[in-house]
Amino acid sequence: MGHARSASAAATTVRVTAIASLTPLEELDADPFLVDSRSQYAMCARWAAERGYVVTRELLVRGLRPDHRTLWADVEAGLVDLFVAPSRRVLERALASVDEFTAECARRGVRIETVGCAEPSYDAQMKARVHRRLSMPTAGYDGR
């Protein structure tokens, strides 16, 4: 009986696409959270885990049109149940029109959520870690 229950739970897992903003490193001092996609994804992953959801895709985009295929391919394939972003502010950077995207989600029957937690405060050391991670992505640096 326990086996059947776990199979059923797997069938009802909510699959989530996390949306983060692709923001140039040059904006690190002015707006570190928008540059720090790793923290954006982590915030979405915590939110999903707290609800028993699974993040199955991460999108890193800037100014993407609400009808862009990148957003909808997994939805059309039946692989995504919901989109999540850390905040409306992140969505406003990631998408060309949050309102049009929200309307398209409603039309397609896909939920869109924002985490709504406070963004982390960045001190000089945190900004330096983000800078190193993003300026040396192919050097094997892991962000620590």
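What about A118, is it at pLDDT below 95, under 16 Å from the mean Cα position of the chain (by Cα) and among the aliphatic types (A, V, I, L, M)? Judged against the criteria, A118 is a match. If only residues of segment 38-58 that are in a helix (DSSP H, G or I) and not hydrophobic (A, V, I, L, M, F, W, C) are counted, the one that is least open to solvent (accessible area, probe 1.4 Å) is Q40.
Kindly indicate whether any position in segment 63-74 is outside any helix (DSSP H, G or I), open to solvent by 50 Å² or more (accessible area, probe 1.4 Å) and touching a Pro at 6+ places or on another chain (Cβ under 9 Å).
Taking segment 63-74 first, the residues outside any helix (DSSP H, G or I) are 63-68.
Narrowing the set further to residues that are open to solvent by 50 Å² or more (accessible area, probe 1.4 Å) leaves 65, 67-68.
Of the ones still in play, those that are also touching a Pro at 6+ places or on another chain (Cβ under 9 Å) are none.
Within segment 63-74 (the criterion being outside any helix (DSSP H, G or I), open to solvent by 50 Å² or more (accessible area, probe 1.4 Å) and touching a Pro at 6+ places or on another chain (Cβ under 9 Å)), the answer is no, since none of the residues qualifies.
For segment 76-103, the set of residues classified as open to solvent by 60 Å² or more (accessible area, probe 1.4 Å) and assigned to a loop (DSSP other than H, G, I, E, B) consists of A77, L79, A96, listed by residue number. Across segment 64-79, the qualifying residues are those that are over 9 Å from A96 (Cβ atoms) and touching a residue at least 12 places away in the same chain (Cβ under 8 Å), and the one among them that is nearest to the chain's Cα centre (by Cα) is L71. Modelled with pLDDT of 95 or more and under 15 Å from T114 (Cβ atoms): does that describe T17? When the stated conditions are applied, T17 passes them. Open to solvent by less than 20 Å² (accessible area, probe 1.4 Å) and either touching a residue at least 24 places away in the same chain (Cβ under 8 Å) or out of contact with any strand residue (DSSP E or B) (no Cβ under 7 Å at 6 or more places or on another chain) (or both), is that true of A106? Here the answer is no, as A106 does not meet what is asked.
The values are calculated or read from the model by the stated rules, or taken from the named source; none is laboratory data. Computed from a predicted model, the values in this text were never measured in an experiment. Every residue, glycine as well, gets a Cβ built from its backbone with ideal geometry; the counts of neighbours run over all protein chains shown. In case anyone asks, the SASA skips ligands and DNA or RNA and just uses the protein heavy atoms, side chains included. Shrake-Rupley method; radii C 1.70, N 1.55, O 1.52, S 1.80 Å.
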